[in-house]
Amino acid sequence: MKKFVVSALLVMATVLASAKVTPNNLIGDNMVLQRNTSVRLWGKASPGKKVTVSPSWTSTVYSTTAASDGSFLLSVDTPDAGMTPYTITFDDGEKTVISNILIGEVWIAAGQSNMEMPIRGFDNCPVEDYMDVVADAGREGAIRYAKVPSVKSMVPLDNADTKWQVTDPNTVMWQSATAYFFARLVSRTLGIPVGIIEANKGGTKVESWLTKENLERYTSIKLDEKSLEENYSQDWVRPLVWGNGTFNPVLNYTVKGIIYYQGCSNVGDQGDYYSRLLGVLVRQWREQIGLGDIPFYYVQIAPYAYNTADGTAGAYLREQQFKAKSLIPNSDIVCINDLVYPYETYQIHPAQKRKVGERLAYIALNRLYGKTYFEIGYPTYNSMKIEGSQISVKFDNMTGGVRRLSGIEGFEVAGEDRVFHKATASYKPYTNDEVLVSSPEVENPVAVRYCFRDFMIGNLFNAVGLPAFPFRSDDW
């Protein structure tokens, strides 16, 4: 009899435990919720049970009924941003309370290892000014982040082993450096909390994040598990699996936009393959997240010596990234061709991450938050004109002039033989947006390029210090 009673009690305890509402792991203590909107909350409860949700910022009580599989999802309205901590109580007969919730702006940080790279850096890949950042992080209670573990899956997953962290000297070292510097500038400028959801994986290709349906429609990749293992021995470049396992769990979270840094593993893609697939990916994410054409701001890959035959494969990928801006509505791109040191020729993870994140923040602050005093126009090739043995190159977005009048590096010119030679360049007098380029080895130039190499650091900036995008005037 005693044994029966114990067994009955264990069964009862199990039933009661299973009855308690379990929010998704992203819906937890320390999270940041998007301000002034209707945010989605979701999780698990007993099938058919009524679930009530009571946010502490309002007297309104929200409710829904758990589906036959126990899942539930509902939306609640949020107030304006602030540092006041709130709670949310979930109740299906037994209460679950999550606390220390802030209201602010929420962004997803996606991509490969240069987005994943933490403030602490990777082995032999340090982030510049690490100690200064750690010392400063004590006053960043307004920044929170949740890192979704890099998990691959053949089927879409709806939860992840993650939790929200408050940024401080103990936690900042493991936060994405690019995302942290983005969040820090946005938070300080707006004076509100910022939450970052990190959903990224080092080495991934753009195909790694596409759904089965989009891969079948836009590529010829064989998507059965055996073919993926045979054709992609390095699992980090496999199509499909990282989107299923690492990005799918964040789709219900209500966010403001996405920042993205990826492309190195797609170097070598021909034509417009990458730019086309990046457009497909952004459209896919926007449809899955279901919040309209949310902002998508991304980073053009940095100089790196890929050891390709003619040393330009990386340049062609950057060209595709630049082209993608015109293909993707509500998107923008930042140039970081200046943010490597000469000794980082073979450093795939350059140390200067602060300016990368801040340049992404400039775009968000200007375009989205109305802080138009942040300049976001990068010098961009407009046209060229042959003047004897020189080429006059005209740029857009010079914001008042060329930053340096001489010693401009990174230009090459070619004649009819299509062989490019190193060129000298200088500011064209009495103009605000033109540079004169020439080479003693090319008497009759017909084409010009700027930093159109795998690893070539340019130093052409506009008057506010933004670097010129690499370009080529030819279509060879």
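The values are calculated or read from the model by the stated rules, or taken from the named source; none is laboratory data. Predicted model, so just to flag it, every value in this text is computed and none were measured. Using ideal geometry, Cβ is built from the backbone for each residue, glycine included, and neighbour counts are taken over all protein chains shown. These accessible areas exclude ligands, DNA and RNA; they are computed on the full protein's heavy atoms, side chains included. Shrake-Rupley method; radii C 1.70, N 1.55, O 1.52, S 1.80 Å.
Which ones in region 363-378 are in a helix (DSSP H, G or I), in contact (Cβ under 8 Å) with a residue 12 or more places away in the chain and open to solvent by 10 Å² or more (accessible area, probe 1.4 Å)?
Here is the first cut: in region 363-378, the residues in a helix (DSSP H, G or I) are 363-368.
Okay, now just the ones that are also in contact (Cβ under 8 Å) with a residue 12 or more places away in the chain, so 363-365, 367-368.
The answer is Arg367, Leu368.
For the list (1) farther than 30 Å from Arg188 by Cβ; (2) open to solvent by 60 Å² or more (accessible area, probe 1.4 Å); (3) assigned to a loop (DSSP other than H, G, I, E, B), I need the number of the one condition that Pro329 fails.
Looking at each condition in turn, Pro329 falls short on (1).
Select from region 259-277 the residues that are surrounded by 23 or more Cβ atoms within 10 Å (Cβ to Cβ) and not in a helix (DSSP H, G or I) and write down the one among them that is farthest from the chain's Cα centre (by Cα).
Only one residue fits best here, namely Gly263.
From the set of residues in region 207-227 that are in a helix (DSSP H, G or I) and open to solvent by 20 Å² or more (accessible area, probe 1.4 Å), which is farthest from Leu277 (Cα to Cα)?
Looking at residues that are in a helix (DSSP H, G or I) and open to solvent by 20 Å² or more (accessible area, probe 1.4 Å), I get Lys226.
Restricting to region 179-202, and then to whatever is farther than 14 Å from Glu140 by Cα and out of contact with any strand residue (DSSP E or B) (no Cβ under 6 Å at 6 or more places or on another chain), can you tell me which residue is surrounded by the most Cβ atoms within 10 Å (Cβ to Cβ)?
Only one residue fits best here, namely Lys201.
Let's see how each residue does on (1) of a type outside the set (Gly, Ala, Ser); (2) assigned to a strand (DSSP E or B); (3) at pLDDT 95 or above:
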{"residue": "Phe395", "(1), (2), (3)": "yes, yes, yes"}
{"residue": "Arg404", "(1), (2), (3)": "yes, no, no"}
{"residue": "Asn432", "(1), (2), (3)": "yes, no, no"}
{"residue": "Leu436", "(1), (2), (3)": "yes, yes, yes"}
{"residue": "Val448", "(1), (2), (3)": "yes, yes, yes"}
{"residue": "Ile457", "(1), (2), (3)": "yes, no, yes"}
{"residue": "Val464", "(1), (2), (3)": "yes, no, yes"}
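Of all residues in region 113-144, which are touching a strand residue (DSSP E or B) at 6+ places or on another chain (Cβ under 8 Å), open to solvent by 10 Å² or more (accessible area, probe 1.4 Å) and polar (S, T, N, Q)?
The answer is Ser113, and nothing else.
I'd like the residue in region 430-476 that is among the small types (Gly, Ala, Ser) and in contact with a strand residue (DSSP E or B) (Cβ under 7 Å, 6 or more places away or on another chain) and, out of all such residues, is surrounded by the most Cβ atoms within 10 Å (Cβ to Cβ).
The first filter runs over region 430-476 and keeps only residues among the small types (Gly, Ala, Ser), leaving 438-439, 447, 458, 463, 465, 468, 473.
Next, from what is left, pick out any that are in contact with a strand residue (DSSP E or B) (Cβ under 7 Å, 6 or more places away or on another chain): 438-439, 447, 458, 468, 473.
Details: Ser438: 20, Ser439: 22, Ala447: 20, Gly458: 21, Ala468: 28, Ser473: 18.
Among those residues, the one meeting the criterion is Ala468.
Keeping to region 1-44, report how many residues are over 25 Å from Ala67 (Cα atoms), open to solvent by less than 90 Å² (accessible area, probe 1.4 Å) and either at pLDDT below 85 or over 44 Å from the mean Cα position of the chain (by Cα) (or both).
Selection size over region 1-44: 4.
Output the residues belonging to region 332-347 that are in a loop (DSSP other than H, G, I, E, B) and crowded, with 20+ Cβ neighbours inside 10 Å.
Hits for region 332-347 are Cys335, Ile336, Asn337, Asp338, Leu339.
Kindly indicate which of Leu360, Leu405 is hydrophobic (A, V, I, L, M, F, W, C), under 16 Å from Gly465 (Cα atoms) and open to solvent by 60 Å² or more (accessible area, probe 1.4 Å). Break it down stepwise before answering.
Working: Leu360 fails: open to solvent by 60 Å² or more (accessible area, probe 1.4 Å).
Exactly one of Leu360, Leu405 is hydrophobic (A, V, I, L, M, F, W, C), under 16 Å from Gly465 (Cα atoms) and open to solvent by 60 Å² or more (accessible area, probe 1.4 Å), namely Leu405.
For Asp310, which of the numbered conditions (1) of a type in the set (D, E, K, R); (2) open to solvent by less than 50 Å² (accessible area, probe 1.4 Å); (3) part of a loop (DSSP other than H, G, I, E, B) fails to hold?
(2)
Taking the conditions exactly as written (in contact with a strand residue (DSSP E or B) (Cβ under 9 Å, 6 or more places away or on another chain), of a type outside the set (Ser, Thr, Tyr) and touching a residue at least 60 places away in the same chain (Cβ under 8 Å)), does Gly400 satisfy them or not?
It is true that Gly400 is in contact with a strand residue (DSSP E or B) (Cβ under 9 Å, 6 or more places away or on another chain), of a type outside the set (Ser, Thr, Tyr) and touching a residue at least 60 places away in the same chain (Cβ under 8 Å).
Taking Val39 as the residue in question, decide whether it is within 21 Å of Trp107 (Cβ to Cβ), part of a strand (DSSP E or B), of a type in the set (A, V, I, L, M, F, W, C) and touching a strand residue (DSSP E or B) at 6+ places or on another chain (Cβ under 8 Å). Break it down stepwise before answering.
Numbers: within 21 Å of Trp107 (Cβ to Cβ): yes; part of a strand (DSSP E or B): yes; of a type in the set (A, V, I, L, M, F, W, C): yes; touching a strand residue (DSSP E or B) at 6+ places or on another chain (Cβ under 8 Å): yes.
In short, yes.
Taking the condition surrounded by 16 or more Cβ atoms within 10 Å (Cβ to Cβ) and modelled with pLDDT of 95 or more, does Tyr381 pass?
Yes, satisfied.
Here are some conditions: (1) part of a helix (DSSP H, G or I); (2) under 16 Å from the mean Cα position of the chain (by Cα); (3) of a type in the set (Phe, Trp, Tyr). Tyr298 meets all but one. Which one does it not meet?
In the conditions (1) part of a helix (DSSP H, G or I); (2) under 16 Å from the mean Cα position of the chain (by Cα); (3) of a type in the set (Phe, Trp, Tyr), Tyr298 misses (1) alone.
Scan region 93-122 for residues that are within 22 Å of the chain's Cα centre (by Cα), acidic (Asp, Glu) and part of a loop (DSSP other than H, G, I, E, B) and jot them down. Working first, answer last.
To start, the set of residues in region 93-122 that are within 22 Å of the chain's Cα centre (by Cα) comprises 103-122.
Filter again for acidic (Asp, Glu), leaving 105, 116.
Once the filter is applied, which keeps residues that are within 22 Å of the chain's Cα centre (by Cα), acidic (Asp, Glu) and part of a loop (DSSP other than H, G, I, E, B), region 93-122 yields nothing.
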